[in-house]
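Reviewing the structure listed below.
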Amino acid sequence: MQKKILDELIERYPVLSVCKEDIKAAYDMISECYLGDGKLLVAGNGGSAADAEHIVGELMKEFKKNRYLDDDMRKKIMAINSELGNDLCENLQGALTAIALTGNVALSTACLNDVNGAIGFAQQVLGYGRKNDVFLGITTSGNSRNILNAIVTARAKDMGTIALTGKGGGKAKALADVAIVVPENETYKIQELHLPIYHALCLMLEDSFF
């Protein structure tokens, strides 16, 4: 099914054929991370910050498939409180653990004011990241300093790193383990191609684990 999702993406967006193998490599890396009970950290700036949160939204609850709680979790919830448990078991959905590093305003502004704004994402990678987790950095230019800093920090923590970019990939292409470089140069056109890519990744991951 993962192959079908990827093939359909390329069929709908033929321009992304040059990215097909890198998209598959990104899927394999994130899938391996989840199989090892790891998590995905995601970051970007501006419109790419919205994309980072969009990705987390698709992974942390159902996207297209029903993600019913497993029987073991249902039993544990009901044993704690049957009244609240009925509602929880009816509504909670299975999650693929993902954290957007874009919303921690107190921390990010403290970094900006007290230290250096360009280390805000890297500081969170240092704190949240564990070996075999994955960092996904979205930068349309491939040169966003705070994303590059986060990639370096993630690699130092033995995490997998993925760059989702354009404009030839910039410095991120050489730094990241996997670089998905869409063949566009204008920011809005790059972002227009990023969305179907990460939707496909989320669909592939959901199909694998649910």
Any idea which residue in the stretch 98-127 is farthest from R74 (Cα to Cα), counting only those that are among the polar types (S, T, N, Q) and in a helix (DSSP H, G or I)?
N113
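Go through the stretch 53-92 and give me each residue that's free of Cβ contacts under 8 Å to residues at least 24 places away in the same chain, part of a loop (DSSP other than H, G, I, E, B) and within 21 Å of K39 (Cα to Cα). Give the steps one after another, and end with the answer.
Applying the first criterion (free of Cβ contacts under 8 Å to residues at least 24 places away in the same chain) to the stretch 53-92 yields 57, 71-92.
With the extra rule that they be part of a loop (DSSP other than H, G, I, E, B), the set shrinks to 81, 92.
L92, the sole residue that qualifies.
Given the condition closer than 24 Å to T187 by Cβ and within 12 Å of the chain's Cα centre (by Cα), answer yes or no: does some residue in the stretch 58-65 qualify?
Just the residues of the stretch 58-65 that are closer than 24 Å to T187 by Cβ, to begin with: 58.
Next, only the ones that are within 12 Å of the chain's Cα centre (by Cα) stay: 58.
Checking the stretch 58-65: at least one residue is closer than 24 Å to T187 by Cβ and within 12 Å of the chain's Cα centre (by Cα).
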Considering the stretch 154-194, residues that are part of a helix (DSSP H, G or I) and among the basic types (K, R), and then whichever is farthest from L136 (Cα to Cα), we arrive at K189
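How many residues does the stretch 60-79 hold that are out of contact with any Asp or Glu (no Cβ under 8 Å at 6 or more places or on another chain), under 30 Å from L164 (Cβ atoms) and open to solvent by less than 60 Å² (accessible area, probe 1.4 Å)? Quick ask: steps written out before the conclusion?
Taking the stretch 60-79 first, the residues out of contact with any Asp or Glu (no Cβ under 8 Å at 6 or more places or on another chain) are 60-61, 66, 68-79.
Those left that are additionally under 30 Å from L164 (Cβ atoms): 60-61, 66.
With the extra rule that they be open to solvent by less than 60 Å² (accessible area, probe 1.4 Å), the set shrinks to none.
Residues meeting the conditions: 0.
Going through L195, L201 one at a time, which residue ends up being in contact (Cβ under 8 Å) with a residue 60 or more places away in the chain, open to solvent by 50 Å² or more (accessible area, probe 1.4 Å) and of a type in the set (A, V, I, L, M)?
On the way: L201 fails: open to solvent by 50 Å² or more (accessible area, probe 1.4 Å).
After applying the criteria, what remains is L195.
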Testing L16 on (1) touching a residue at least 60 places away in the same chain (Cβ under 8 Å); (2) open to solvent by 30 Å² or more (accessible area, probe 1.4 Å); (3) closer than 28 Å to N185 by Cα, one condition comes back false. Which one is that?
(2)
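Test of understanding: among A95, A50, A25, which residue is open to solvent by 20 Å² or more (accessible area, probe 1.4 Å), modelled with pLDDT of 95 or more and assigned to a loop (DSSP other than H, G, I, E, B)? Reasoning before the result, please.
Numbers: A50 fails: assigned to a loop (DSSP other than H, G, I, E, B); A25 fails: assigned to a loop (DSSP other than H, G, I, E, B).
Going through A95, A50, A25 in turn, just one is open to solvent by 20 Å² or more (accessible area, probe 1.4 Å), modelled with pLDDT of 95 or more and assigned to a loop (DSSP other than H, G, I, E, B): A95.
Taking the stretch 98-121 on its own, how many of its residues are surrounded by fewer than 11 Cβ atoms within 10 Å (Cβ to Cβ) and polar (S, T, N, Q)? Steps first, answer last, please.
In the first step, residues of the stretch 98-121 are kept if they are surrounded by fewer than 11 Cβ atoms within 10 Å (Cβ to Cβ); the result is 105-106, 113-114.
In the following step, the residues that additionally are polar (S, T, N, Q) were identified as 113.
Matching residues across the stretch 98-121 total 1.
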Among residues of the stretch 142-176 being under 16 Å from K39 (Cβ atoms) and of a type in the set (S, T, N, Q), the residue least open to solvent (accessible area, probe 1.4 Å) is T161
Quick one: which of D22, D28, D51 is in contact with a His (Cβ under 7 Å, 6 or more places away or on another chain), within 26 Å of I147 (Cβ to Cβ) and not polar (S, T, N, Q)?
D51
How many residues does the stretch 32-46 hold that are touching a Phe, Trp or Tyr at 6+ places or on another chain (Cβ under 8 Å) and either open to solvent by 10 Å² or more (accessible area, probe 1.4 Å) or among the charged types (D, E, K, R) (or both)?
2
Test: I5 is part of a helix (DSSP H, G or I), under 28 Å from G168 (Cα atoms) and touching a residue at least 40 places away in the same chain (Cβ under 8 Å):
yes
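The values are calculated or read from the model by the stated rules, or taken from the named source; none is laboratory data. All values reported here derive from a predicted model rather than from experimental measurement. We place every Cβ from the backbone using ideal geometry, glycine too, and count neighbours over all the protein chains shown. Side chains are part of the model used for accessible areas, which takes the heavy atoms of the whole protein and leaves out ligands, DNA and RNA. Shrake-Rupley method; radii C 1.70, N 1.55, O 1.52, S 1.80 Å.
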